[in-house]
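Shown next, in structure tokens, is the structure this report addresses.
The values are calculated or read from the model by the stated rules, or taken from the named source; none is laboratory data. Bear in mind the structure is a predicted one, so any value in this text is a computation, not a measurement. With ideal geometry, Cβ positions are generated from the backbone for all residues, glycine too; neighbour counts draw on all protein chains shown. Only protein heavy atoms, including side chains, enter the accessible area calculation; ligands, DNA and RNA are left aside. Shrake-Rupley method; radii C 1.70, N 1.55, O 1.52, S 1.80 Å.
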Amino acid sequence: MSITVAVPTGNIGKFLLPKLLEEGKDITVLTRSPQKLDVTVRERVTIRQGALEDENFILEATKGTEALYWLNPGNKKAEDVHGWYRLYGKSVSNAVQKNRIEYVVNISTIIPEVVEAGVADGIVHVEEYLNRTDANVVHLRPGFFLENLLPQISELKSRGTITFPIPPDREVAFIATSDIADVAADYLLNRNWKGKKIHVLHGGEDLTFEAAAKSLGDAIGTTLKYNYISLENFYKDLVAKGVTKAAAEGYTDIYRSMHLPREVEGIRSSETTTPTTVGLWGKRILKPKLDSL
């Protein structure tokens, strides 16, 4: 059984690879930076180095693949956000169709349905391209990655704050990326679906950021506060850090959509709920990282 994994060192891929290797599968990884792979993993996989938007690279690197795990990295230097994701869509769909890849697990996003949502809308283009292929495709649409908090770990430790442009009273579907990896692994290994499918993943629980900050604070034994930043300031901060205006607008639009009075996509059910709560993630992931600083 040949499985190809794109972005193997990402927040999901680093959990997914060990699960697939435990089953003794023949794994190929597609990556720009092979040196980021753990040494023990590097010795057990076939490495193909290149860019996911490179149509020729993906076509050659996925020959002989039976099942493909696909994730679309962002590009903070993009001048055309929608155009960037269309490149991914063309690249992967061409390879899937020409190489007759039978199964694809695509990481998408919970999609706002009432406004333009920047990068989230861009990712939808990849779904559209994959849906035109003959492959069996499942689009996993997870909620807000808890790992999105980790770039703020210094502020968490020194100031006790979490900062995002999400209204403090807005409930968010928080999910641990290890849980996404579990679901992706199940699809890749069992291949028990046909056609095109959307699987929304709401994570362990819906919480406001204020409630999440309290839950995380309890988990790590300190007091955390939520610091709301305006959309305008969030956008300005991204541009100041070197993000192109187009990309900054794309990321800001994701959060702009979360200012509207709408429910999270789909109805929470046993199929969409994953086991890791915010507090449990805090104990397992956040606390050890904070203790190591």
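Starting from the Cα of Ile267, step 7 Å along the direction of its Cβ; do the same at Ile198; then give the gap between the two resulting points in nm.
The modelled label-to-label distance comes out at 1.5 nm.
Classify the range 143-293 as rounded, prolate or oblate from the Cα gyration tensor: take a ≥ b ≥ c as the square roots of its eigenvalues, call it rounded if a/c is under 1.5, otherwise prolate when a/b beats b/c and oblate if not.
It comes out oblate by the Cα gyration axes.
Mean 1/r over all different Cα pairs, inverted: what Kirkwood radius does the range 144-223 give, in Å?
14.6
Sorted by average packing, counted as other Cβ atoms within 10 angstrom per residue and highest first, what order do 16-22, 152-158, 183-189 take?
Taking the mean over residues of other Cβ atoms within 10 Å, the ranking is 183-189, 16-22, 152-158.
Per residue Cα convex hull volume for the chain, in cubic angstrom?
In the chain, the Cα hull volume divided by residue count equals 131 Å³.
Gain in length, Lys225 to Lys76, computed as 0.36 nm per residue apart minus the alpha-carbon separation, to one decimal in nm?
Extra length from Lys225 to Lys76 when fully extended: 50.8 nm.
How far, in nm, would the chain grow between Glu155 and Lys289 when pulled straight, counting 0.36 nm per residue and subtracting the alpha carbon separation?
That works out to 47.0 nm of additional length.
Taking all protein chains together and a probe of 1.4 Å, list Ser257, Ser270, Ser215 from the most accessible to the least accessible. Please report the intermediate quantities before stating the final value.
Numbers: Ser257 0, Ser270 115, Ser215 30 Å².
From most exposed to least exposed: Ser270, Ser215, Ser257.
Sorted by mean Cβ packing within 10 Å, highest first, what order do the peptides 92-103, 53-64 take?
Averaged packing, sorted descending, gives the order 92-103, 53-64.
So what does the Cα-only Debye profile of the range 9-133 read at q = 0.10 Å⁻¹, as log10 I(q)/I(0), no solvent term?
Log-scaled intensity ratios, in q order: -0.32.
What residues have an amide H closer than 5 Å to that of Leu201, excluding those fewer than 5 places away on the same chain, when H is modeled at 1.01 Å from N in the peptide plane?
Long-range HN contacts for Leu201: Arg141, Gly143.
Which of the peptides 28-35, 229-236 is most tightly packed, and how do the rest follow, going by the mean number of other Cβ atoms within 10 Å of each residue? Could you put the intermediate results ahead of the total?
On the way: 28-35: 16.6, 229-236: 14.4.
So the peptides 28-35, 229-236, ranked by packing, come out 28-35, 229-236.
With every protein chain present, what accessible area does Ile47 have (1.4 Å probe, heavy atoms only), rounded to the nearest 10 Å²?
50
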